[in-house]
1. Over chain A, what is the mean sequence separation of C-alpha contacts under 8 Å (at least six apart), divided by residue count, expressed as relative contact order in percent?
2. If you rank B:113, B:193 by fewest surrounding Cβ atoms within 10 Å, what's the result?
3. Give me log10 I(q)/I(0) at q = 0.06 Å⁻¹ for the protein assembly as shown, Debye formula, one equal scatterer per alpha-carbon, no solvent.
4. Using a basic spin-label model with each label point 7 Å from the Cα along Cα→Cβ, how many nm lie between residue A:130 and residue B:22?
5. Between residue A:119 and residue A:333, 0.36 nm times their residue separation minus their Cα-Cα distance comes to what?
6. Measure up A:249/B:18; B:127/B:196; B:85/B:128; A:22/B:196; B:18/B:114 against 32 Å on the Cα-Cα distance and list the ones that go over.
7. R0 = 60 Å: FRET efficiency of residue A:174 with residue B:220, Cβ-based, nearest 0.05?
8. Assuming a viscosity of 0.692 mPa s and a temperature of 37 °C, what translational diffusion coefficient in µm² per second does Stokes-Einstein assign to the range A:59-283, Rh being the Kirkwood radius over Cα pairs?
Amino acid sequence: MSSTAPTTAADEFAHRATPMQKVQSSLHRYPWLSPLVVLALLLVIFGVLGLVLGVGDLENLFKPGTISLMLQQTVIIGTLAIAQTLVILTAGIDLSIGAIMVFAQMFMANLAVYTTASNVTFMAGQNPVLAVFIGLIVATLAGGLNGFLIVRFNLPPFIVTLGTLSIFTALTLILFKARTIQGKEMPDFMLLMSTKLEIGPLTFTLGLIVMLLLYVLFAYILRGTAWGTHVYAVGDDPAAAELSGINVKRVLFSVYVVAGVVIGIAAWITIGRTAAASPNVAPEINLETITAVVIGGTSLFGGRGRLLGTLLGTFIIIVLDFGLSLAGLDQAYRVLAIGVLVIAAVAVDQWIRKVKV
Amino acid sequence: MTTTSTTQPIVQAKDLNKSFGRVIGLADCNFELYPGEVIAVVGDNGAGKSTLIKCLSGALTPDSGEMHIDGEEVFFKSTNDSRAKGVETVYQTLAVAPVLDISENLYLGREIRKKGILGTVFRSLDKKRMRKEAMQSLNDLGVLTVQSITQSVETLSGGQRQAVAVARAGAFGSKVVILDEPTAALGVNESARVLKLIRDLRDRGMSIILISHNMPQVFDVADRIHVQRLGRRAAVVTPQSHQMNDVVSIMTGAMTVPEDQQQLTPVR
Ligand SMILES: Nc1ncnc2c1ncn2[C@@H]1O[C@H](COP(=O)(O)OP(=O)(O)OP(=O)(O)O)[C@@H](O)[C@H]1O
Ligand SMILES: [Mg+2]
């Protein structure tokens, strides 16, 4: 089966493909190409504006200090977007990721710190390692609750996670009384993820490294294991997956549980990043994870996408954020730009679905 | 015409019933498939053909009745149970995952992991081996026209997809292959290729159940023809004993065949 000579009609057709069709089929094969191009374009535009034309403070965008800050800034969206990618690959959506993350980090902090202003004082003052561990378990259970409701009662993920979004937001307020716990009140271990590491001219944090390792780990799991293949198959066509002998419900449930684990890790990273545990740490975070996944080239219809795209999508959000504010533009322009990107990404997805190689 | 034979059916269903609410899918349906034969199942839309084979493949559980594989009673809870008994199915709605590539599809649900710690601890897939063996089984079946084994299935033509589905059914040491309208969506040439695949599978010793509405194809490839009507078996005839329009008459109830003129035992 050598591919030296065109042997089939499809083959010949591929040889006659127009440039547009070639773009389409490349995007189809490598869904992370479009976010890569967008990111590169952004950097070029900001580069020209800043370094050549001297617009605003844009030249600072390329200083090691700013780059380090941007990288550190990706950890919250970036880590949570891994969980969102897993869910969206199964053609689901998770609206509760941010709420569960906030709940878990408040849980961790309120266990580790003795405060009279919560309703859980009876279990406060734990060893911080135990506190983080329990927080991880809580997030995992919360993910499991989503999965259970979706699988057991055949409910749409949108509705279930809309419900658990409210439930966990409310629980955060009820149990922890919305009091922000500052980093300086916490034992060091709680802030471990903020540990700084010099890498060349850049400053990384441990949280950033953990996030990058999670990307490598989950990229491997998705592409290199049977579970990963099943996640794609279930998202692509659940009926076909079932007939192929895949236990669709078990795969779906496990995806939400695994998402819960990732959310738990993100909670700990967030405490380090923000040096606090606060109920209003990142009010936009849930939409931002969906944005990162979608502009990263993963299809909202499931079964199609790569984790690398999500990482690039996260970078795009952060670069836009920094670039536009350094250019002296209002926050509103960044929101506008993100909106345009999301719609463009969905349009591109629709287009590449129609590919004929 | 009836011959007495001691051969035991490889697949047998006795008095199967299956209803969907008030709709009756199967009503005391009997069925036998003998080793090494191609039996065609024909019948009007809604006669219960798909329901019958879904019960036999574990995709549906019958409300009552018995199923036997090689004489042993079986109770399938999922399609994995029937696969474990050597029964493979190509469904009317092609059960392939379009985004996955050919080799991933062939091995979907029974992936091979690497040997040693990489496979046991890190659950790493042996993609190289799967691709090689997928290539081999496509070669064995003479399905040579795919460009690459890592091509995603959605980029294949209808006939190529069907070939992948049939190859998957025939690839894992299966004894019985069930095909539900495998040529319904195909052109003349692609249909001919799938029919050839069916004969190849039979020549390799497999027993085949073919559901089809296409009478010329049925008469071309089948050893016996099971006519399904209103959820039960109306008759079993052969391409030699009856004409195509007879079979259509049996399907619609315009003709009945006395049991002694049927072919309830194998012909090969
Ligand atoms: N999942 C289901 N829910 C409800 N009714 C069903 C279901 N599956 C089949 N039926 C009904 O059972 C009867 C038999 O259907 P079946 O699909 O077995 O027919 P068929 O012989 O395969 O027809 P076709 O030639 O159209 O494929 C039909 O009346 C059908 O409407
Ligand atoms: Mg049918």
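Where a number appears in this text, it was derived from the coordinates with a stated rule and is not lab data. Just so it is clear, the structure is predicted and the values come from calculations on it, not from any experiment. Positions of Cβ are generated from backbone atoms using ideal geometry, with glycine treated the same way; all protein chains shown enter the neighbour counts.
1. Details: 590 pairs, mean separation 110.9, N = 357.
Normalised by residue count, the contact order of chain A is 31 percent.
2. Working: B:113 17, B:193 22.
If I rank by nearby Cβ atoms, fewest first, I get B:113, B:193.
3. Ignoring solvent entirely, the Cα scatterers give -0.43.
4. Using points 7 Å along Cα→Cβ, the separation is 6.3 nm.
5. Working: separation 214, 0.36 × 214 = 77.04 nm, distance 4.13 nm.
Working it through step by step, the gained length comes to 72.9 nm.
6. Details: A:249/B:18 24 Å; B:127/B:196 29 Å; B:85/B:128 27 Å; A:22/B:196 35 Å; B:18/B:114 42 Å.
From the list (A:249/B:18; B:127/B:196; B:85/B:128; A:22/B:196; B:18/B:114), the Cα-Cα distance tops 32 Å for A:22/B:196; B:18/B:114.
7. Details: r = 72 Å, r/R0 = 1.20.
Given R0 = 60 Å and the Cβ-Cβ separation, E is 0.25.
8. Values: Rh = 18.2 Å.
It diffuses with D of about 180 µm²/s by this estimate.
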